[in-house]
Amino acid sequence: MHFDPAILVDYWPLLLQGAWLTLQVSVAALLLGYAAGIAVALIALTPGWLPRLVAGFYVEILRNIPFIIILFVVYYGLPFWGIRLPATLVGTVALALFASAYYAEIVRAAILALPRGQFESARAIGMSPANAMWHVVAPQILRALVPPSTNMTLTMMKESAVLSSITVPELTYQSLVVQGNTFAPFEVFAAVASIYWLIAAAIAEASRRLERRVGAVQAEAVSRNRIADRYLSLVARRT
Amino acid sequence: MSAVPVLRVSNLTKRFHGVTTLDQVYLDVHAGQIVALIGPSGCGKSTLLRCLTWLEQPDDGFIEVAGKPLGRELMPGGVVRRHSRRQIDALRPQVGIVFQQFHLWPHMTALENVVRPQTVVLGRSRDEATRRGAELLMRLGLADRMDRHPHALSGGQKQRVAIARALAMDPALMLFDEPTSALDPELVGEVLAVLRTLADIGMTMLVVTHEIGFAASLADRIAFMDRGRILEEGPARDILAAPKEPRLQSFLDLVRTDHRIVRTTANPTE
């Protein structure tokens with residue numbers, strides 16, 4: 001029994017294709033899911049019991065069902081209504097649905113954490129709710145959104161492995177193919193684990209950069225303060 | 001005195017979960033007047049201000065700002081018509097409010113706090129809004145603070161930015177919620193001076209306060225509120241010198257006694 005890297009030399013294009021699709025599906029689900037999440041969060045915060053109920057229902061259903069079941073319901077449910085779509089598209093939408101419930105809660109919590117007076121002072125001066133959100137609330141919550149959203153995005157990216165069960169040729173699916181051809185599961189899955197790790201590390205790094213950039217906008221505010229300036233530079237020198 | 005008051009409140013009623021916070025409030029404020037609204041805490045003063053900006057929707061009654069109904073109006077035939085959100089938002093700049101905690105927007109500079117609502121709400125050009133904002137901040141003594149963010153300003157400076165932000169909308173009426181309470185006691189004189197300059201340019205003001213001395217030295221008229229009702233309203237001097245309402249008498253006694261106690265404990269040599 002020995003580790004045989006030759007297998008990886010032969011099959012790396014297949015694994016690379018899978019990794020590329022995993023990345024594409026994850027990014028698409030992130031964008032789609034975040035857009036839906038923001039919409040659901042705003043609906044949840046609309047005055048009145050009905051919007052809150054609808055948004056709560058959406059979040060509770062998607063959060064309380066295992067992702068693989070959500071995936072199967074969507075994948076086998078759509079043909080039931082006469083809709084036939086490629087597995088990759090269905091898988092991406094299911095992944096986005098799954099993530100959107102969590103993104104919605106992240107956005108909702110960030111908005112609620114902001115003092116109510118911020119929104120109210122914008123409304124009292126005559127801004128519409130949309131303008132108050134855009135000009136006053138959104139710029140202040142951006143930074144708080146990054147860390148929890150990163151966590152969720154990493155979870156969602158790893159959960160995309162489940163798409164292999166509906167024949168989406170992403171990384172896990174390809175690894176199963178390679179494993180079936182070579183009968184060398186350890187080599188294949190060790191390689192796949194490293195590839196997942198790399199993708200996750202890339203997402204985490206992107207998030208760090210985003211946080212720094214969003215943070216820079218807010219830190220600019222702090223650095224205008226002479227006292228804060230002195231303290232921050234002291235800290236910087238010490239470290 | 002002009003015929004149409006800048007603010008006319010009639011029969012305003014607000015209940016929270018069955019508790020009546022505002023109980024048939026009537027109040028007129030005429031152009032150029034400063035009216036101080038006094039009363040024990042929890043009497044509904046702040047709720048009244050929140051209703052006047054429609055941050056709370058009153059359950060009953062009417063508000064008119066410079067003759068225009070806010071929120072709902074009585075149509076011929078006795079039908080009450082509720083206004084749309086757009087109609088309410090359109091009238092809101094007419095009522096400037098300075099909150100107790102100011103609620104400046106911390107991600108914008110002082111100047112931007114004053115400029116942004118003008119461009120967004122009134123559709124002014126950036127140049128025009130900047131000119132107007134700079135002029136107001138200058139007049140309020142903040143010429144060298146315009147590029148600062150709120151956290152780099154003192155309490156008094158923040159308050160003046162909040163005042164400038166409301167004034168830039170060219171309001172018919174300014175509301176102040178406890179303008180002295182979030183500041184150090186020695187700044188009360190400064191707040192008084194700022195509000196007096198506003199009075200000099202003819203601004204109409206309704207000021208909620210629990211400081212009788214502040215009300216006495218500022219207001220033309222005083223309205224006394226207790227348990228959601230305005231019990232007595234009249235010229236400041238008359239109200240303070242000869243209160244008719246027993247609850248106002250005991251409130252004034254209480255407040256004045258409190259002041260004496262504070263003074264004697266603070267300066268034992270006196």
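Observations, loosely collected:
- Of all residues in segment B:168-178, exactly one satisfies the criterion of being buried (at least 24 other Cβ atoms within 10 Å of the Cβ) and more than 11 Å from chain A (Cβ to nearest Cβ), namely B:PHE176.
- Pick from segment B:161-196, criterion modelled with pLDDT of 90 or more and acidic (Asp, Glu), ranking: nearest to B:LEU91 (Cα to Cα): B:ASP170
- Residue match in segment A:116-127 (condition: touching a His at 6+ places or on another chain (Cβ under 6 Å), within 7 Å of another protein chain (Cβ to nearest Cβ), small (Gly, Ala, Ser) and assigned to a helix (DSSP H, G or I)): yes
- With respect to the conditions (1) assigned to a helix (DSSP H, G or I); (2) closer than 26 Å to B:ALA164 by Cβ, B:ILE63 falls short on a single one, namely (1).
- Across segment B:41-60, the qualifying residues are those that are in contact (Cβ under 8 Å) with a residue 12 or more places away in the chain and assigned to a helix (DSSP H, G or I), and the one among them that is surrounded by the fewest Cβ atoms within 10 Å (Cβ to Cβ) is B:SER46.
- B:LEU52 meets the stated requirement of being of a type in the set (A, V, I, L, M, F, W, C), within 25 Å of A:LEU114 (Cα to Cα) and out of contact with any Ser or Thr (no Cβ under 8 Å at 6 or more places or on another chain).
- Any chance B:THR109 is surrounded by 17 or more Cβ atoms within 10 Å (Cβ to Cβ), within 18 Å of B:ALA166 (Cα to Cα) and among the β-branched types (Val, Ile, Thr): yes
- Condition check for B:ILE38: in contact (Cβ under 8 Å) with a residue 12 or more places away in the chain, touching a His at 6+ places or on another chain (Cβ under 7 Å), more than 14 Å from chain A (Cβ to nearest Cβ) and at negative phi: yes
- Tally, over segment B:181-210, of residues that are more than 30 Å from B:LEU122 (Cα to Cα) and within 14 Å of the chain's Cα centre (by Cα): 3
- For segment A:178-196, the set of residues classified as in a helix (DSSP H, G or I), farther than 18 Å from A:GLN24 by Cβ and of a type in the set (A, V, I, L, M, F, W, C) consists of A:VAL178, A:PHE186, A:VAL188, A:PHE189, A:ALA190, A:ALA191, A:ALA193, listed by residue number.
- Options A:SER207, A:SER164, A:SER121: the member that is under 30 Å from A:PRO86 (Cβ atoms), surrounded by 16 or more Cβ atoms within 10 Å (Cβ to Cβ) and either in contact with an Asp or Glu (Cβ under 9 Å, 6 or more places away or on another chain) or modelled with pLDDT of 95 or more (or both): A:SER164
- For first residues located in segment A:178-207 and in contact (Cβ under 8 Å) with a residue 12 or more places away in the chain, partners that are among the basic types (Lys, Arg) and surrounded by 12 or more Cβ atoms within 10 Å (Cβ to Cβ) and lie 6+ apart or on another chain with Cβ distances below 7 Å form the pairs A:TYR196/A:LYS158.
- Against the test of being under 28 Å from A:VAL178 (Cβ atoms), out of contact with any strand residue (DSSP E or B) (no Cβ under 8 Å at 6 or more places or on another chain), free of Cβ contacts under 8 Å to residues at least 24 places away in the same chain and not acidic (Asp, Glu), the options A:PRO79, A:PRO66 yield a single qualifying residue, A:PRO66.
- Taking segment B:1-24 as the range and being part of a strand (DSSP E or B) and hydroxyl-bearing (Ser, Thr, Tyr) as the test, the residues that pass are B:SER10, B:THR13, B:THR20, B:THR21.
The values are calculated or read from the model by the stated rules, or taken from the named source; none is laboratory data. Owing to the predicted nature of the structure, the values given are computational and were not obtained by experimental measurement. Positions of Cβ are generated from backbone atoms using ideal geometry, with glycine treated the same way; all protein chains shown enter the neighbour counts.
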